[in-house]
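Below: the structure, in structure tokens.
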């Protein structure tokens, strides 16, 4: 009977892909869904679609609304667990792939309750890692350690997580995938006039850009402190350095208040959520990431594709994308003075900016979707 069910499942290939939020389709889900569709799978995409930015307009897939909440201990997550369990119970999926912490935990628990075994999980950076707070190890490691036992394959996107999982997990079915596939199809590398974006910077300014959720984890306050330090030393005015910060989040009010209180309004522009990030990257000169932790940041990969030199915090994920003195520099995430010094060092040397930018463009090639597609198929045992 079990063999007949397996044959039936394979004859009608269908997959369930689960993320926490609908917007993760563009951020995380694209790479697996494209490959599954190409392999002839019918794809259900389950996520929380409650906000406009979580809408997904892709007629090739079936979107299923699940009330995931980012806070683990919420009633809505119990409802999400029940709904995902029923999905798995009622539909004969060939393959299930889950990602994001909440989506990953709830989906794998549902698979355990439903007796479903062909579930894959992509970790976009474990919350336990070298140098992580002890509380992270106490809270998150036991959960992942146990769920890993019920996961057919755990996919990780950076080498540090790969080595950690291989060393600590009992289930050694760990697959290293170099990122989730940078996809910049139909994007042309041309710089645009800064005036088109109404950001009031001149062509003579050296423009720094940082893209990401405004949060404690992304740590943009360190970039603002670096700008304030350079302002007080007179170096901002001397070298005409300006900053763009793109994104929204629960730290937005805090960051905007800091900008106003420290007289940085003409130097730093917080642009909020933008759909034209690529254009903003192309009008910038230097990319900065101040994150406390990363998996393998897509925003940095996109900056590399836009030929920008990098100044990144020395955390997991970031470390894999920078070669010191080749395409940029690393700094400790809380050392704003070191960040300021690196910014000046790159800002004053146009030749270095150009060389580092070209090096970034060369280095990002290994992370492109078309170059890792075979690895993606291997990750899901499709080839």
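The values are calculated or read from the model by the stated rules, or taken from the named source; none is laboratory data. This structure is a prediction, so every number in the text was calculated from the model and none was measured. Neighbour counts run over all protein chains shown; Cβ positions are idealised from the backbone, glycine included.
Which members of the range 142-169 meet the condition of being part of a helix (DSSP H, G or I), free of Cβ contacts under 8 Å to residues at least 60 places away in the same chain and surrounded by fewer than 18 Cβ atoms within 10 Å (Cβ to Cβ)?
Taking the range 142-169 first, the residues part of a helix (DSSP H, G or I) are 142-148, 159-168.
Checking which are free of Cβ contacts under 8 Å to residues at least 60 places away in the same chain leaves us with 142-148, 162-168.
Once the filter is applied, which keeps residues that are part of a helix (DSSP H, G or I), free of Cβ contacts under 8 Å to residues at least 60 places away in the same chain and surrounded by fewer than 18 Cβ atoms within 10 Å (Cβ to Cβ), the range 142-169 yields 142, 143, 145, 146, 163, 166, 167, 168.
Do we have any residue at all in the range 28-43 that's over 25 Å from residue 302 (Cα atoms), at pLDDT 75 or above and crowded, with 21+ Cβ neighbours inside 10 Å?
Going through the range 28-43, the residues over 25 Å from residue 302 (Cα atoms) turn out to be 39-43.
Now restrict to residues that are at pLDDT 75 or above: 39-43.
The next check asks that each one be crowded, with 21+ Cβ neighbours inside 10 Å; those that pass are 41, 43.
Yes, some residue in the range 28-43 is over 25 Å from residue 302 (Cα atoms), at pLDDT 75 or above and crowded, with 21+ Cβ neighbours inside 10 Å.
Which one is nearest to the chain's Cα centre (by Cα) among residues in the range 103-126 that are free of Cβ contacts under 8 Å to residues at least 60 places away in the same chain and part of a loop (DSSP other than H, G, I, E, B)?
126
To keep it simple, each residue is scored yes or no on (1) closer than 17 Å to residue 291 by Cα; (2) at pLDDT 90 or above; (3) exposed (fewer than 13 other Cβ atoms within 10 Å of the Cβ).
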residue	(1), (2), (3)
206	no, yes, no
229	no, yes, no
242	no, yes, no
248	yes, yes, no
257	no, yes, yes
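Out of everything in the range 49-91 that is surrounded by fewer than 14 Cβ atoms within 10 Å (Cβ to Cβ) and touching a helix residue (DSSP H, G or I) at 6+ places or on another chain (Cβ under 7 Å), what residue ends up being modelled with the lowest pLDDT?
Here the answer is 72.
Check residue 265 against each of (1) in a strand (DSSP E or B); (2) loosely packed, with under 15 Cβ neighbours inside 10 Å and name the one condition it does not meet.
It is condition (1) that residue 265 fails.
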